[in-house]
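See structure below.
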Amino acid sequence: MEHPENCAEYKGLTVNAGVEQPSSVNPYLKNRPRQKKRELTVADYVDGILKGDVTVLSRAVTLVESVRPEHQAVAQEVIEKCLPYAGNSVRVGISGVPGAGKSTSIDVFGLHILERYGGKLAVLAIDPSSERSKGSILGDKTRMEKLSVHPKSFIRPSPSAGSLGGVARKTRETIILCEAAGYDKIFVETVGVGQSETAVHSMVDFFLLIQLAGTGDELQGIKRGIMEMADGIVINKADGDNIERARLAAAQFRNALHLFPAPESGWTPQVLTYSGFYNLGVKEIWDMVYQYIGFVKENGYFVYRRNEQSKYWMYESINEQLRHSFYHNPKIEALLAGCEQQVLQGSLTSFVAAKSLLDTYFEDMKGNSV
């Protein structure tokens, strides 16, 4: 395109055409063949995990999280072979309302126990996914600045993707892989206060509840379900002007705990205050955790709880497999939309529609088994 400045009326002014700019894409990339990741066998996965290879462990966890049937088959085989090497860790569930400082606390807690007790630490963080887009930020790692670069730590955020039960099951399987890889301390961080706590409580040895003081909502935190599950309650941000409020909140929680029946373990849950940001009171929290572990190992509750958890996950796996089988049955897939439409139009009740679909499913299963 000609520059208007080069016209006769602008005599004495000349604008050069300029140099054509090269493409921002490297032309040599087009000719270079894409290197495909080498497919690992079950033996490769197991061998890499037992050697503590973080890359192989990460790939194995991705396999566990995959919904593809061929990936699931390989993942289950890997888990089965890793099972004899698992179970030698202390598993701690960490929960609390959003903004309670869970990720910052985990960063501080993790560094403390690695420095004090040695060993290796795996942090499995369940990240809430958008209900609309199903996307997830997986930003927990950015808030664990020191731990994320520590050579003895492994941080794995997983998106909940709307299926909390599925993620919880996959998290439990990931725990087995991490233990086989030599991680003797496991943290499981939950989505927040809600139904996720029950699932996480069923896979950890110690359940730690993080609370806040001075928010004007202390009573809101005293919920029977979540309080009964907690083996220890800690009040975060006990620093500066907030120290007195934290102490008052701790006293309120202690009083509330007296209203609940004694836990099966025989342990009396403790309430402590600390500051994750200033690293105050962290030692006392981990003294409490290890005191609890010693107490339940001595009275036999530690083994009992692990056995009960295994039984719980057997039934959870059955429920999930049945659910998957039902919704992926061809006859059910063909009828589901029609039944849904009839329910929306009011020509069929929800219960009749459900019974009709279940009857069809069981009839189909009976026909297939003959």
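Only the coordinates and a few stated rules stand behind these numbers; no lab work does. All values derive from a computational prediction rather than experimental measurement. Note that each Cβ is placed from the backbone with ideal geometry, even for glycine, and that neighbours are counted across all protein chains shown.
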Subtract the Cα-Cα distance of Leu280 and Tyr28 from 0.36 nm times their separation in residues, and report this length gain in nm to one decimal. 85.2 nm
FRET E, pair Thr268, Asp184, Förster distance 25 Å, beta-carbon r, rounded to 0.05: 0.40
For a quick check: with amide H placed at 1.01 Å from N, whose amide H comes under 5 Å from Gly232's, ignoring anything fewer than 5 positions away on the same chain? Phe207, Leu209
Would you kindly derive the ³J(HN,Hα) couplings of region 90-104 from the backbone phi angles with the Karplus curve 6.51 cos²θ - 1.76 cosθ + 1.60 (θ = phi - 60°), listing them in order in whole Hz, with x for Gly and Pro? 9, 9, 10, x, 10, 9, x, 5, x, x, 6, x, 5, 5, 5
Counted neighbours (other Cβ, 10 Å), sorted fewest up, put Thr41, Thr174, Thr198 in the order Thr41, Thr198, Thr174
In the neighborhood of Ile332, defined by Cβ-to-Cβ distances under 12 Å, what is the net charge if each Lys or Arg adds +1 and each Asp or Glu adds -1? -3
Pulled fully out, how much extra length does the chain show between Lys366 and Arg68, if you take 0.36 nm times their separation in residues and subtract their Cα-Cα distance? 104.6 nm
Based on the mean of other beta carbon atoms within 10 Å per residue, what is the order of 349-358, 286-295, most packed first? 286-295, 349-358
Can you give me the long-range amide H partners of Ile155? Hydrogens built in the peptide plane at 1.01 Å from N, cutoff under 5 Å, separation of 5 or more residues or another chain. Val123
Exceeding the 29 Å Cα-Cα cut-off - candidates Lys146/Lys297; Lys36/Lys170; Lys152/Lys237; Lys146/Lys283; Lys81/Lys185: Lys146/Lys297
Please work out the Cα center distance from region 234-278 to region 39-78, rounded to the nearest Å. 41 Å
In debye, nearest 20: dipole of region 329-369 around its Cα centre with unit charges on the Cβ of K, R (+) and D, E (-)? 60 debye
Please arrange Leu177, Leu208, Leu40 by counting, for each residue, the other beta carbons lying within 10 Å of its beta carbon, fewest first. Leu40, Leu208, Leu177
Can you give me the three principal axis dimensions of region 329-369 from its C-alpha atoms, in Å, biggest first? 35, 16, 9
